[in-house]
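Worksheet: one structure, shown below.
Just so it is clear, none of the values below were taken in a lab; they were calculated from the coordinates. It should be emphasised that the depicted structure is a prediction, and the values quoted were computed from it without experimental measurement. Ideal geometry is used to build each Cβ from the backbone, glycine not excepted, and the neighbour counts take in all protein chains shown.
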Amino acid sequence: MLPTISILCSSYNSSRYIEGYCHSLNAQLLPDFDVIYVDAASTDHSLDKFRSFGFRDGIRIKILECDKRIPVYQAWNLAIDAANSEYCMNYNTDDRLYPAALTTMLGYANAMPDKDIIYSRCFITSDPDHRNIITMYDWPEYSHDILLKGCICGPFPLLKRQSIIDAGMFDPVYTLAGDYEMWLRMSKAGLKFKRIPESIGSYFRNPEGLSTSKSLQAEMLRQMRDLQERYK
């Protein structure tokens with residue numbers, strides 16, 4: 001039997017992507033899993049679209065509504081607190097998982113239960129509908145020195161939930177690099193990482209995304225340099 005998993009979704013005004021996102025969840029080969037959807041006080045119809053979507057049997061939905069906009073890493077913390085699964089995966093509304101994504105990742109987790117974070121290669125698209133793949137992120141094998149050079153864990157890593165809790169959860173002080181801070185913190189503490197060769201989904205290089213917006217690049221680099229000095 002495969003371990004249990006919760007999908008962590010932080011959403012703010014993501015109406016453009018919700019339908020494709022929900023269809024990709026419905027297409028998962030894994031029969032049963034949880035989705036914890038945190039709406040950060042959206043002002044469009046994204047929450048209504050998500051709430052009214054016809055999810056198939058076996059997908060259990062929990063919606064957390066915030067009364068104000070909150071940072072993505074705070075939203076992930078709320079979702080982790082609300083989960084009761086063995087593993088979690090942060091999965092953003094503008095990305096897409098392929099049908100075998102969850103079964104693939106949990107298969108590795110089942111075979112290697114000592115691993116705290118499992119990450120994969122992923123395809124990259126400049127198309128919000130994910131029809132046009134332009135390249136691939138082929139992350140290197142993990143080492144702490146490699147991790148210090150850049151965030152190698154990809155857009156949808158599999159996380160052992162208790163390991164994240166034991167590590168102290170995501171730090172929302174790092175508004176753009178909170179995931180990188182968590183991976184470095186876990187690495188420095190000696191937690192175990194595993195890279196797998198499969199590509200389990202595609203990442204939208206969203207020009208308005210937190211990690212890809214040109215207007216935020218200087219602050220992103222500042223936060224990353226601060227973390228690299230802190231955790232070296």
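Which whole-number percent gives the relative contact order of the chain, counting Cα pairs below 8 Å spaced six or more residues apart?
Relative CO of the chain lands at 23 percent.
What list do you get for ILE134, ILE61 if you sort them by fewest beta carbons within 10 Å?
In increasing order of surrounding Cβ atoms, one gets ILE134, ILE61.
Order these peptides, 182-190, 140-148, by their mean beta-carbon neighbour count within 10 angstrom, highest first.
Those peptides, ordered most packed to least, come out 182-190, 140-148.
Within straight cross-link reach of LYS68, meaning Cα distance under 19 Å, which aspartates and glutamates are found once same-chain residues fewer than 8 apart are removed?
Reachable aspartates and glutamates: ASP39, ASP44, ASP48, ASP81, ASP171.
For the chain, give me the percentage of DSSP beta bridges that are antiparallel, rounded to the nearest 5 percent.
So the antiparallel bridges in the chain amount to around 30 percent.
Trypsin sites (Lys or Arg not before Pro), restricted to the stretch 21-62: which are DSSP loop and have at most 10 other Cβ atoms within 10 Å? Each step should come with its number before you reach the end.
Values: sites: LYS49, ARG51, ARG56, ARG60, LYS62; in loops: ARG56.
Here the sparse-neighbourhood loop sites are ARG56.
List the lysines whose alpha-carbon lies under 30 Å from that of LYS62, not counting same-chain residues fewer than 8 positions away?
Answer for LYS62, where 30 Å is the Cα cut-off: LYS49, LYS115, LYS160, LYS192, LYS194, listed by chain and number.
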